[in-house]
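K.L.:
First the structure, then my questions, so here it is.
The values are calculated or read from the model by the stated rules, or taken from the named source; none is laboratory data. Note that the coordinates shown come from a computational prediction; the quantities given were computed from them, not determined experimentally. Heads up, the Cβs are rebuilt from the backbone with ideal geometry, glycines too, and the neighbour counts pull from every protein chain shown.
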Amino acid sequence: MGHEHQYPSRRDILAGGTAMAALTVAPLWSAHAKDAYRLTALPGNARIKPEPAGETMIWSYDGQVPGPLIRARQGEKLRIEFQNKLEEPTTIHWHGLRIPNAMDGVPELTQPPVNPGESFVYEFEPPDAGTFWYHPHVRSDVQLARGLYGALIVDEANPPKVDRDLLWVLDDWRLRGDGSIIDDFAHRHDISHEGRMGNTITINGRPSGLVSVRPGERLRLRLINTANARVFGLRFKGGVSTIVALDGQPVTPHPPERARVVLGPGMRADLIIDVPTGADGSISVVDDYYGDKAYTLTKLVPKGKPLRAAPPPLEALPENPLPEPDIARAEVQEVLIEGGSKGYLEEAIYKGEKFRPRTLFRKHRKIWTLNGVAAHSMTMEPMFTLKRGRSYLWKIKNDTAWDHPMHLHGHHFRILKRNGKPVAHKPWVDTVLLHLDETAEVAFVADNPGDWLFHCHVLEHHVGGMGAVIRVG
Ligand code: C2O
Ligand code: CU
């Protein structure tokens, strides 16, 4: 499949002796969209941590992390023949793709798990152009943390003109000094607090480095947060960044709020970045989401002659065929998120039984609830049963002390309000990040029949009960 063209492989040594991998993300337009792929889940090795650490034993798609880039054409059939050569069951979920339920990759709910040695054929027509990704939905907290994920890009028929299309798949890993993965998955502390935070950040599965750019170059930068729990808050210091899509869906081009692109786990953003033409035009990409733990993720360093004197006009991306919710007539439903450490949960329902939270956590490791219920599996009585074709307005309240990126399968929704205030551009997303004590109003048309998951994409929170099934009948 020519993986070597799809993710960076060239490495540079910087003057000063610090070895850093230069992220030379291959220009995506040279990789053609295809309509058929084969993917195999299997163990592998990857250079995650710089030397002298050893390579990291990972679980991977086709031996690499991220897995092979899948590029597809909007509305055209895409077929992925998947084979499981791991020692445990798995599936592939196509995060953000509004495809038929049987292809959604949720074990028990939409398909049987793919056992070791077995295969499964995924086939669908991606309705939306944009930046998406794929990952397992079996023991996802473990399987993603070990390296099972990849990017999926659906091309616009007429993409906006840019000089380069860059893809940064962001992750953080919890590694020992020797590069091996610390396998304390689903740790009680991680489940009840902010999830599994790593100690090693990677872009496209590599230790961070520099990116060389041309002065005046226009970049389309696609960001995907594949981390189990880390939220990224990226500032492009010294450059102008404009958001043109969120979670794969075009949005009115606008600068990031407070000059920071905030991406919770599962979320994506497409940015247009115009590299300055001036002498010292380098752009530092700083992640300061966790205030005092701010660090420089990478730097865009211009070299060579300017490509142009001033940035050309910026075009919006072509719209995707999303059904517009009828807000005036939408049925209103409330979702209350409770639990976790420092929470006020008094009682939780688990498998139909009432529990004191402390007992529930001790006995079953469940500590989060949606509308009072802690999830026990992927197949549950639906939290809501929606009528196909109807509009719904969800009022989601995060009554906990933690951030939760809440993800709905099979649909995208518009974010209308946060804390009662209208949200600019009402973006379409598949994941809404709710900060502590925050409320959000989102609306969508339940147009995709089937049983769909709605869950927190902090994977340890999902393990700890923060998930539900939404039935569209
Ligand atoms: Cu990335 Cu259930 O999702
Ligand atoms: Cu959460």
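K.L.:
Considering A328, A348, A374, which residue is hydrophobic (A, V, I, L, M, F, W, C) and free of Cβ contacts under 8 Å to residues at least 12 places away in the same chain? First the steps, then the outcome.
P.N.:
Details: A348 fails: free of Cβ contacts under 8 Å to residues at least 12 places away in the same chain; A374 fails: free of Cβ contacts under 8 Å to residues at least 12 places away in the same chain.
The unique qualifying residue is A328.
K.L.:
Quick check on the stretch 236-248. Is at least one of its residues farther than 30 Å from T359 by Cβ, without any contact (Cβ under 8 Å) to a residue 12 or more places away in the chain, over 19 Å from the mean Cα position of the chain (by Cα) and in a loop (DSSP other than H, G, I, E, B)?
P.N.:
Filtering the stretch 236-248 down to residues farther than 30 Å from T359 by Cβ leaves 236-248.
If we keep only those that are without any contact (Cβ under 8 Å) to a residue 12 or more places away in the chain too, we end up with none.
No.
K.L.:
For the stretch 377-400, how many residues meet the condition of being surrounded by 15 or more Cβ atoms within 10 Å (Cβ to Cβ), in a loop (DSSP other than H, G, I, E, B) and of a type outside the set (S, T, Y)?
P.N.:
Looking only at that region, the number is 6.
Yes or no, residue by residue, for (1) touching a strand residue (DSSP E or B) at 6+ places or on another chain (Cβ under 8 Å); (2) of a type in the set (K, R); (3) outside any strand (DSSP E or B):
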position: V286; (1), (2), (3): yes, no, no
position: K299; (1), (2), (3): yes, yes, no
position: G304; (1), (2), (3): no, no, yes
position: P313; (1), (2), (3): no, no, yes
position: P325; (1), (2), (3): yes, no, yes
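K.L.:
Okay, moving on. Taking A375 and the conditions (1) modelled with pLDDT under 95; (2) of a type outside the set (V, I, T); (3) within 16 Å of ligand 2 (Cβ to nearest atom), which numbered condition does it fall short on, given that it satisfies the others?
P.N.:
Of the numbered conditions (1) modelled with pLDDT under 95; (2) of a type outside the set (V, I, T); (3) within 16 Å of ligand 2 (Cβ to nearest atom), the odd one out for A375 is (1).
K.L.:
Let me ask something additional. Considering only residues that are among the β-branched types (V, I, T) and surrounded by fewer than 24 Cβ atoms within 10 Å (Cβ to Cβ), look in the stretch 434-473 and name the one that is nearest to ligand 2 (Cβ to nearest atom).
P.N.:
The qualifying residue nearest to ligand 2 (Cβ to nearest atom) is T439.
K.L.:
Scan the stretch 330-345 for residues that are touching a strand residue (DSSP E or B) at 6+ places or on another chain (Cβ under 6 Å) and either surrounded by fewer than 12 Cβ atoms within 10 Å (Cβ to Cβ) or of a type outside the set (G, A, S) (or both) and report the count.
P.N.:
9
K.L.:
Another question, if that's okay. Pick out the one residue from H425, H457, H435 that is under 22 Å from A269 (Cα atoms) and in contact with a Gly (Cβ under 6 Å, 6 or more places away or on another chain).
P.N.:
Matching residue, one of H425, H457, H435: H457.
K.L.:
I'd like the residue in the stretch 216-235 that is more than 16 Å from K293 (Cβ to Cβ) and not in a strand (DSSP E or B) and, out of all such residues, is nearest to the chain's Cα centre (by Cα).
P.N.:
T226
K.L.:
Under the condition of being among the polar types (S, T, N, Q) and part of a strand (DSSP E or B), which residue from the stretch 419-440 is nearest to L336 (Cα to Cα)?
P.N.:
Residues of the stretch 419-440 that are among the polar types (S, T, N, Q), as a first pass: 419, 431, 439.
Okay, now just the ones that are also part of a strand (DSSP E or B), so 431, 439.
Values: T431: 16, T439: 9 Å.
The qualifying residue nearest to L336 (Cα to Cα) is T439.
K.L.:
Still on this structure, please answer the following. Which members of the stretch 47-63 meet the condition of being within 23 Å of the chain's Cα centre (by Cα) and farther than 24 Å from S119 by Cβ?
P.N.:
R47, I48, K49, T56 - these are the residues of the stretch 47-63 that are within 23 Å of the chain's Cα centre (by Cα) and farther than 24 Å from S119 by Cβ.
K.L.:
Any idea which residue in the stretch 105-143 is surrounded by the most Cβ atoms within 10 Å (Cβ to Cβ), counting only those that are closer than 28 Å to D184 by Cα and of a type in the set (F, W, Y)?
P.N.:
Among residues in the stretch 105-143 that are closer than 28 Å to D184 by Cα and of a type in the set (F, W, Y), the one surrounded by the most Cβ atoms within 10 Å (Cβ to Cβ) is Y134.
K.L.:
Could you tell me whether any residue of the stretch 81-94 is away from ligand 2 (no atom under 16 Å from the Cβ) and closer than 28 Å to I243 by Cα?
P.N.:
For the stretch 81-94, residues away from ligand 2 (no atom under 16 Å from the Cβ) and closer than 28 Å to I243 by Cα: present.
K.L.:
Go through the residues of the stretch 356-364 one by one and say whether even a single one is under 28 Å from F444 (Cβ atoms) and surrounded by fewer than 18 Cβ atoms within 10 Å (Cβ to Cβ).
P.N.:
No, that holds for no residue.
K.L.:
Here is a further query. Given the condition free of Cβ contacts under 8 Å to residues at least 60 places away in the same chain, buried (at least 23 other Cβ atoms within 10 Å of the Cβ) and more than 16 Å from ligand 1 (Cβ to nearest atom), answer yes or no: does some residue in the stretch 417-433 qualify?
P.N.:
There is no residue in the stretch 417-433 that is free of Cβ contacts under 8 Å to residues at least 60 places away in the same chain, buried (at least 23 other Cβ atoms within 10 Å of the Cβ) and more than 16 Å from ligand 1 (Cβ to nearest atom).
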